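Worksheet: the structure to be examined is printed underneath.
The values are calculated or read from the model by the stated rules, or taken from the named source; none is laboratory data. Treat the numbers as computed from the prediction; the structure is a model and nothing was measured. Here the Cβ positions follow ideal geometry from the backbone for every residue, glycine too, while neighbour counts run over all protein chains shown. Surface accessibility is based on the protein's heavy atoms, side chains included, excluding ligands, DNA and RNA. Shrake-Rupley method; radii C 1.70, N 1.55, O 1.52, S 1.80 Å.
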Amino acid sequence: MEPKTSIVSSSSSKPSNPNPNPKNRDFLIHLEAYLAKRDGVDKLLKISRYASKIILASSVIPESLPLSLRLKSFESSVGVSRKAFRLGKFVQDVNALRSANISSKEDLLLSILAYGGEGLYYFVEQFVWLGKAGLIDKKNLNSLQKISAWCEFIGYIGSVSLKVKELSQISEDEQCLLSTREVSMIRGIGYADEEEKLRKLRLKKLMKRLSVIQDFADGLMALADISDGKGMLSAPLLLSSAGLLSALISTHKNWISC
């Protein structure tokens with residue numbers, strides 16, 4: 001089971017104001033800020049894990065070679081290590097739900113599904129980690145992992161639904177700005193402010209779309225966990241590719257937000 005980045009919405013607990021001039025930042029200072037974040041290190045581990053899984057699933061390296069056994073051991077160790085990054089992470093979903101901008105019963109339901117599902121997932125994952133680390137009895141580990149997978153999957157249903165609604169609102173705002181810019185052009189007055197707002201709005205739209213793709217990729221892996229790796233959508237190479245895609249998108253989002 002893989003952790004996802006916190007569900008992105010207008011009330012997300014993630015930083016919402018990325019550096020306005022990322023190109024002017026010193027790379028090493030930017031890297032230090034990125035690695036200081038829990039999600040920054042976690043997603044780098046996720047990239048390394050799923051890159052290893054892709055190599056193993058594609059049979060590029062024969063299973064008889066020692067390197068193949070080392071990659072399997074590395075992938076397994078990284079998977080357990082990443083679970084430690086979920087300690088207390090459910091609190092961010094509690095706070096996100098408390099501060100959610102809820103204007104209708106539909107928004108309330110979707111927010112409960114999204115933040116509640118993800119929060120329960122992170123909460124249960126703490127015990128999964130303790131079981132894998134050997135601190136608590138492993139007899140209930142399979143049941144905990146199944147509960148965790150269901151909570152995560154339900155969270156993604158709510159998350160995607162919220163983001164689709166937000167994308168619809170962003171598209172409406174974009175059309176309004178385009179109309180305002182067109183009027184300004186006809187009147188021969190300046191429209192630099194509208195251009196800047198459009199640029200930011202289109203960037204926000206792009207990031208939101210990437211976030212939806214990430215949710216679908218992570219949701220596919222959660223579904224595979226629910227079905228115990230059975231079915232057409234549970235092929236190892238497909239799931240590994242989905243995991244790597246999710247990790248790369250999340251890494252990009254975290255990079256520009258710090």
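In table form, for the structure just shown:
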item	result
Calculated [θ] (222 nm, deg cm²/dmol) that DSSP helices of n ≥ 4 give over the chain, each run adding -39,500 (n - 2.57)	-24500 deg cm²/dmol
With all protein chains modelled, accessible area of ASP228 [1.4 Å, Å²]	110 Å²
Efficiency of FRET between GLU63 and SER179 - r from beta-carbon atoms, R0 41 angstrom, step 0.05	0.10
14 Å Cα-Cα reach of LYS165 towards aspartates and glutamates, excluding residues that sit fewer than 8 places from it in its own chain	GLU106, ASP107, ASP173
C-alpha long axis of helix 236-257 to longest principal axis of the chain, angle in °	40 degrees
Qualifying GluC sites (Glu not before Pro) in region 34-138, DSSP loop, other Cβ atoms within 10 Å at most 13	GLU63
Probe 1.4 Å, all protein chains present, accessible-area order of ASP173, ASP39, ASP193, largest first	ASP193, ASP173, ASP39
Percent breakdown of C-alpha pair distances by 10 Å bin, ordered from the shortest bin, for the chain	7, 26, 33, 21, 9, 4, 1, 0
Computed accessible area, VAL124, all protein chains, 1.4 angstrom probe, square angstrom	20 Å²
Inter-label distance for GLU106 and GLN169, nm, one decimal - labels placed 7 Å from Cα along Cα-to-Cβ	1.2 nm
Gain in span if fully extended, PHE74 to ALA33, counting 0.36 nm per residue against the direct Cα distance	12.1 nm
Reachable aspartates and glutamates, given that their alpha-carbon falls under 19 Å from the alpha-carbon of LYS89 and they are not under 8 places away in the same chain	GLU2, ASP39, ASP42, GLU118, GLU125, GLU152, ASP215, ASP218
Dipole magnitude of the chain, debye to nearest 20 (Cβ charges: Lys/Arg +1, Asp/Glu -1, about Cα centre)	480 debye
Heavy-atom accessible area ranking, 1.4 Å probe, most first, across ILE170, ILE186, ILE29, ILE55	ILE186, ILE29, ILE55, ILE170
Of all accessible heavy-atom area on the chain, the percent that carbon and sulfur account for (1.4 Å)	63 percent
Probe 1.4 Å - accessible area at ARG49, Å² to nearest ten	40 Å²
Anisotropy class of region 121-179 from Cα gyration tensor, a/c 1.5 cut	prolate
Debye log10 I(q)/I(0) for region 178-219, one point scatterer per Cα, at q = 0.14, 0.20, 0.25, 0.34 Å⁻¹	-0.46, -0.64, -0.78, -1.03
Added length on full extension, which subtracts the Cα-Cα distance from 0.36 nm per residue, ILE186 to ARG202	3.5 nm
Cross-link partners of LYS53 among lysines (Cα-Cα below 19 Å; sequence separation of 8 or more within a chain)	LYS4, LYS43, LYS72, LYS83, LYS230
Rounded to the nearest 20 debye, dipole of region 71-182 from Cβ charges on Lys, Arg, Asp, Glu	780 debye
